[in-house]
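Just so it is clear, none of the values below were taken in a lab; they were calculated from the coordinates. Computed from a predicted model, the values in this text were never measured in an experiment. Neighbour counts are summed over all protein chains in view; Cβ atoms, including those assigned to glycine, are modelled from backbone coordinates with ideal geometry.
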Amino acid sequence: MAEPVTSTLDGFPLRFFFPEQIDQLLRHGARNGRAGSHAAIERILKHEPALKRPTLWLRNRQLKDPPSHDPYQHSVWSPEDDQTLRQGYEAGCQGKRDAVRELLTRHPTWRRNVIWRRAAKLRLTTGKGRKGGKRSCRPWSEKDDRILLRLAGYKFANAIGRRLHRTERAVIWRLAMLGKSSGVHLEGFARRPLAEELHLGTRTLQRWIAEGLLEVRDPRVTKRSLRDLRKTLQNSGALPARLDYREEPAPHPLSSASDTPGVETTVSGNKAPVGAGSRSSRAKQFWEDAARTLGVNVETVEVYIARGTLKLQDPRIAEESLKRFCRSYGSLINYTFLNQETRTWLRKSMDLIPSGGEPLAQQMACRRRHAQIVRRCDACGGTIRGNAYFRHIKRCIARRSVGANPWR
């Protein structure tokens, strides 16, 4: 006659051990390592043949590494709970808090996010912000854009979103639609946004930095770029004694660097740049140290910095430096290409003098002449100023898709 079944473990009938005894045997065997766990499982299977070996190994792992959190329990909402939640949301903000507090007291294992999800499922939430506007579908007004543009560059996107009661992604998207960056520049101006604002090329600003017309926050050369350039020069086997902005050595590895289209990247003549005398002694000292490390002169280091081969620690342009540039070399900025907002900012905040540095601007007049011509791409419909049009038609995606001749 078969013995009666006394208990079960994971659905398997137990005839000799209780579940608590099996756990005790597995814990005792685990203290002696893997061999002890083997011996404990063999002993259990000898008296309980209905059990499976994988089930015992799984139970052994559960006893050795218990979960650090309670298992998820599905919350069951009663009609009384739903009625309490509805009445609380109908009573306003204080009623919501009272309803949530009452439900947490009634169900200690629940959390607040469970109640909030239930309210959203019952369509009790309106999806409105603190000021009554919709968060997701509210259109951008002119006032929102003014606040956004005023805070852009000084506040992070999440901080601007809290101010406008919008999400961080919505702020980043709107800035991109307005042609602005969501990056924050706590001190100074980044080169690329400043170049786009002034209708210049980043290579032009980089050259002005190398010539000393503009000062950066930290003019020290990075160790990585200095090490890479020194390794390149050692592999080439030739260290140039002096490089000229207009003339590049043919065998030099940097000769393949291309300039930004439509932007002047050289200065006329073989003389030193006009703004070289205004370069800070701090930057000159750092660049002299880099020149001694490379075994070249300072002028060569300046050329490497102008090309972007040597990187600077903090290339952001200081605000005071930009003010001095606008007062002394304001004519280098093509005032006719700027919009009204940028002109007002340069005049009132940067003390721009449009006639400053006229001799240097006259030398660049011939190179700026092509920028007066505006052409339209017949494939994508975009307008391009200057010689950059010819590079655009080679890379235009719309023109490639139809297989049109780029020179048609």
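Quick notes
- A Förster radius of 30 Å combined with the Cβ-Cβ distance from residue 117 to residue 61 puts the calculated FRET efficiency at roughly 0.35.
- In terms of the mean number of neighbouring beta-carbon atoms within 10 Å, the peptides 379-387, 209-217, 294-302 order highest first as 209-217, 294-302, 379-387.
- Interchain or long-range residues, amide H under 5 Å from residue 316's placed H: 217, 218
- Among 114, 171, 100, sorting on how many other beta-carbon atoms sit within 10 Å of each Cβ, with the fewest leading, yields 114, 100, 171.
- Sorted by Cβ neighbour density within 10 Å, fewest at the top, the residues 65, 81: 65, 81
- Here the 3J(HN,Hα) profile of the range 37-42, calculated from phi with Karplus coefficients 6.51, -1.76 and 1.60 at θ = phi - 60°, is 5, 4, 5, 5, 5, 5 Hz, Gly and Pro shown as x.
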